[in-house]
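Notes follow once the structure below has been shown.
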Amino acid sequence: MKASVFRETYPNERRVALVPLSVPQLAKAGIEVLVEQGAGLAAGIPDQRYREKGATVVADRSVLFEAELIVKVHSPGVGWEGGRADLAQLRAGSYVIGMCD
């Protein structure tokens, strides 16, 4: 199973949905973690920290939508243009972990 962590595009959002410390715990459960390049930068977390914990950092955002688990602070489709664009890319059967506000 794969989990994808996205760089947040919601205006003024500085959080990231998953910190590097959680990557080994997910890997132990058999979950491969993909992280969008720059996902943690606004929160002060460089890509290298995710790599050091075993995540794969991905530059092509569209690859992230192939995962079974979509991990975002703001769920796809949440009332803004970028969220609607993400919603259109979700594949059938994927699970979303994020706020739906």
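The values are calculated or read from the model by the stated rules, or taken from the named source; none is laboratory data. Note that the coordinates shown come from a computational prediction; the quantities given were computed from them, not determined experimentally. Here the Cβ is made from the backbone with ideal geometry for all residues, glycine too, and neighbour counts use every protein chain on show.
Entry remark, region 75-94: residues being part of a helix (DSSP H, G or I) and at pLDDT 85 or above number 1 in total. Just to be sure, is E13 among the acidic types (D, E), assigned to a loop (DSSP other than H, G, I, E, B) and surrounded by 15 or more Cβ atoms within 10 Å (Cβ to Cβ)? Judged against the criteria, E13 is not a match. Do we have E8 as closer than 20 Å to C100 by Cβ, among the acidic types (D, E) and assigned to a loop (DSSP other than H, G, I, E, B) here? Judged against the criteria, E8 is a match. The residues listed here are V71, V35, V57; of these, the one that is buried (at least 17 other Cβ atoms within 10 Å of the Cβ), touching a residue at least 60 places away in the same chain (Cβ under 8 Å), of a type in the set (A, V, I, L, M, F, W, C) and assigned to a strand (DSSP E or B) is V71.
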